[in-house]
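Chemist: Structure incoming, see below.
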Amino acid sequence: MILRGVISSHYSLLFLLIGFLVVSSSITRVLSWGVIHVKYKFAGSQRSIVDLKVHDSVRQVRILAGVDLPLGGSGRPDGLGLYYARIGIGTPSKDYYVQVDTGSDIMWVNCIQCKECPRRSSLGIDLTLYNIEDSATGKLVSCDQDFCYAINGGPLAGCTANMSCPYLEIYGDGSSTAGYFVNDIVLYDRVSGDLKTSSANGSVIFGCGATQSGNLGSSNEESLDGILGFGKANSSMISQLASSGKVKNMFAHCLDGVNGGGIFAIGHVVRPKVNMTPLVPNQPHYNVNMTAVQVGHDFLSFTPDIFDSGDRQGVIIDSGTTLAYLPEMVYEPLVSKILSRQPDLKLQTIHDEYTCFQYSKSLDEAFPNVTFHFENSVTLKVYPHEYLFPYNGLWCIGWQNSGMQSRDRKNMTLLGDLVLSNKLVLYDLENQTIGWTEYNCEYRVTFPFTIAL
């Protein structure tokens with residue numbers, strides 16, 4: 001029997017702001033949008049090198065593990081995101097704190113039957129177990145429904161009309177989650193033009209976690225109630241809302257990883273203009289084709305196929321990863337050109353892999369910008385104050401050499417929060433494109449960009 005689910009894990013540590021806007025039938029104008037205040041895991045304190053590396057290492061294992069899961073998993077268990085949100089589920093509504101992850105597809109929460117699920121969290125939030133019996137709008141999803149056929153790639157052996165639709169996900173680190181699908185109302189705040197809030201909702205099918213093990217169990221101190229997936233599959237919340245006609249199959253985020261805060265929005269960005277590059281087809285993640293890397297005014301010399309490895313093609317865009325990982329043939333000349341601007345630096349190697357140094361002057365004046373080039377002439381510029389981060393009185397380089405990693409992760413190209421912070425990133429699933437533009441993502445009272453649903 002094939003059980004298919006796309007689940008993430010537990011480290012996503014941020015309240016998220018989810019924007020929902022409405023379009024007039026005659027003219028496009030913003031009528032309302034939803035907000036949730038935002039926090040960031042590493043905000044307000046110096047980021048520990050060990051914490052960052054452990055975070056990214058486990059997440060990469062989960063990105064790659066499960067490509068050939070024996071139970072037919074879809075191979076996208078890329079947990080350990082950086083952000084989480086409070087949403088309401090059921091009638092009457094109860095609050096749940098869920099990781100918001102662009103690398104996961106389905107949404108799931110821990111359920112009342114679960115004995116191994118966490119009951120408390122060190123994040124200062126109250127955890128809640130979902131109970132379908134407490135919700136007037138909650139319904140089981142049976143194994144003979146279309147959703148169950150789609151998620152499992154066909155009918156389940158031995159399925160009868162009274163059987164629920166199961167899911168199972170096994171992660172590369174041995175953690176697992178299993179349960180069954182339910183359908184219930186998901187609530188969010190909608191804010192009108194005068195900043196008055198009202199409740200909006202949509203019907204969503206999500207997983208009800210009955211069994212958790214490993215890092216998803218009660219032993220994890222930084223626990224959450226579940227996952228809110230914004231991946232590419234039809235099972236994701238955004239795809240379900242789009243198929244019901246409630247929203248366009250597009251979303252955007254603007255994340256401030258330094259000060260904390262940010263915005264997550266559903267809909268098409270009308271202003272500012274965002275240049276788009278095509279997604280690589282037949283890839284489980286948000287992959288794009290990189291064509292060049294520029295350090296200051298100099299272009300690095302390499303062939304674009306350096307970013308392809310086996311079935312993995314292109315560069316992975318993942319807001320749930322903290323740093324940025326480059327193939328050795330890109331990493332070495334890139335770091336060399338950066339450091340050549342200040343030849344008198346006394347370099348130190350921290351934890352056998354981080355290049356660090358002391359410097360007291362302006363970073364942006366002393367070191368070059370790094371610009372990535374993609375198809376359709378789309379560029380992504382990263383400033384020195386973004387790719388250098390402080391550690392114990394030193395500045396350390398955030399670029400990482402993926403050529404030094406294990407076999408499965410060797411020479412993976414993955415651009416994480418290091419390069420995506422303070423960028424408005426738009427995911428257009430209707431046209432299979434992604435784009436970004438520089439933006440001040442610090443949370444404001446007013447919505448900082450215009451979106452049409």
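Chemist: Efficiency by 1/(1 + (r/R0)^6): what FRET value for Asp344 and Asn275, r their Cβ-Cβ distance, R0 = 41 Å, to the nearest 0.05?
Modeler: Taking R0 as 41 Å, the efficiency between Asp344 and Asn275 is 0.60.
Chemist: Return the FRET efficiency for the residue pair Ser243, Asn431: r is the Cβ-Cβ distance, R0 is 25 Å, and the value is rounded to the nearest 0.05. Please report the intermediate quantities before stating the final value.
Modeler: On the way: r = 16 Å, r/R0 = 0.65.
According to the calculation, E is roughly 0.95.
Chemist: Could you tell me the calculated FRET efficiency between Thr160 and Ser122, based on Cβ-Cβ distance and R0 = 60 angstrom, to the nearest 0.05?
Modeler: Result of the calculation: an efficiency of 0.90.
Chemist: Tell me the label-point distance for the pair Glu375, His297, using the 7 Å Cα-to-Cβ offset, in nm and rounded to one decimal.
Modeler: Here the modelled spin labels are 3.2 nm apart.
Chemist: Let me ask something additional. Of all accessible surface on segment 275-438 at a 1.4 Å probe, what whole percent is carbon and sulfur?
Modeler: 44 percent
Chemist: Please give, to one decimal in nm, the separation of the simple spin-label points placed at Leu140 and Ala366, each 7 Å out from Cα toward the Cβ.
Modeler: It works out to 6.5 nm between the two label points.
Chemist: Hey, can you grab everything whose amide H is under 5 Å from the amide H of Leu224? Only 5+ residues off in sequence or another chain; H modelled, so Pro and N-termini drop out.
Modeler: Close amide H contacts, sequence-distant or interchain: none at all.
Chemist: What is the packing order of peptides 129-141, 237-249, taking the mean over residues of other C-beta atoms within 10 Å and listing the highest first?
Modeler: Final packing ranking: 237-249, 129-141.
Chemist: For segment 287-360 and segment 91-150, what is the centre-to-centre distance using only Cα atoms, to the nearest Å?
Modeler: Value for the Cα centre distance between the two parts: 39 Å.
Chemist: Starting from the 7 Å offset along Cα-to-Cβ, what nm value, one decimal, do you get for the label separation of Asp311 and Glu442?
Modeler: 4.5 nm
The values are calculated or read from the model by the stated rules, or taken from the named source; none is laboratory data. What you see is a predicted model; the values in this text were computed from it and never measured. We place every Cβ from the backbone using ideal geometry, glycine too, and count neighbours over all the protein chains shown. Remember, those area values only see protein heavy atoms, side chains included, never the ligands or the DNA or RNA. Shrake-Rupley method; radii C 1.70, N 1.55, O 1.52, S 1.80 Å.
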